[in-house]
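This report refers to the structure that appears directly beneath it.
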Amino acid sequence: MPKITRRQLITFATAMVPAFLVRQGSSAQAAGIGVKVAKSADIKVGQTKIYTGTSSSGATVEVVLTRTKKGLFALDGTCTHQGCGVGAQGTKLVCPCHGSVFAPDTGACIMGPNGAPKNSLKPLSKYKATEKGGFIYVA
Ligand code: FES
C-alpha cells in the first residue's frame, strides 16, 4: 500500500464509508483544519473507530479515531511493518497480516510482527485531529 502524505489526505475526493464526510474546497479545508471525517458524537470516550476513504490518487486511506479521557487521537491505520490496514480489537489496534499490535492513542507498537518485542516497529503515523461545529477533522 503506498504511503499517503498529509497533503494527499487533505485532497480526499470520495468516501467509502458513509460517515466519512469529505467535501473538496470546504471552508474547513480552507481554514487548514483538515478533512471532515466523522461526527464528534460518533466517537465516545473509550471508543476507537476506523474510517476509510480514497485519496485523490486513488489510494485507500484509513484514519483511526480514538477518544480517551485525555482527548481525541487520529492515526494513519497503515501498519508500519508491510502496510496492511490495522483493525480495532477491544482497546488495541491489531494488524491482520502478521499480528502486530498498536496503541490506539499514541500509535506505539505494543507487539511486533509474529510476536516480536514491543517497539520493534515504528509507531503508526499521527494526524492532527480538530473538532469544530460537531465534526472531527484530520490533517
Ligand atoms: S503488515 Fe502489519 S504486521 Fe506485517
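A few points about this structure:
- Residue 101 meets the conditions (1) β-branched (Val, Ile, Thr); (2) touching a residue at least 40 places away in the same chain (Cβ under 8 Å); (3) over 27 Å from residue 32 (Cα atoms) in every case but one. The failed one is (2).
- Taking (1) surrounded by fewer than 19 Cβ atoms within 10 Å (Cβ to Cβ); (2) modelled with pLDDT under 95; (3) among the hydrophobic types (A, V, I, L, M, F, W, C) in turn, residue 138 satisfies each apart from (1).
- Residues that are touching a Pro at 6+ places or on another chain (Cβ under 6 Å), surrounded by 20 or more Cβ atoms within 10 Å (Cβ to Cβ) and either of a type in the set (S, T, N, Q) or not in a strand (DSSP E or B) (or both), drawn from the stretch 82-107: 100, 107
- The numbered conditions (1) closer than 18 Å to residue 33 by Cβ; (2) within 13 Å of the ligand (Cβ to nearest atom) are all true for residue 139 except (2).
- One residue alone among 86, 101, 94 is β-branched (Val, Ile, Thr) and under 23 Å from residue 128 (Cβ atoms), and that residue is 86.
- Of the criteria (1) surrounded by 15 or more Cβ atoms within 10 Å (Cβ to Cβ); (2) not in a loop (DSSP other than H, G, I, E, B), which one residue 121 fails: (2)
- Restricting the stretch 76-119 to residues that are small (Gly, Ala, Ser) and more than 10 Å from the ligand (Cβ to nearest atom), the residue that is farthest from residue 55 (Cα to Cα): 115
- Residues satisfying the stated conditions in the stretch 85-120, i.e. aliphatic (A, V, I, L, M) and either under 24 Å from residue 67 (Cβ atoms) or at pLDDT below 95 (or both): 86, 88, 93, 94, 101, 103, 108, 110, 111
- From the options 62, 131, residue that is surrounded by 14 or more Cβ atoms within 10 Å (Cβ to Cβ), assigned to a strand (DSSP E or B) and either modelled with pLDDT under 95 or in contact with an Asp or Glu (Cβ under 6 Å, 6 or more places away or on another chain) (or both): 62
The values are calculated or read from the model by the stated rules, or taken from the named source; none is laboratory data. Note that this is a predicted model, so its numbers are computed, not measured. All Cβ positions, even for glycine, are placed from backbone atoms using ideal geometry, and neighbour counts span all protein chains on display.
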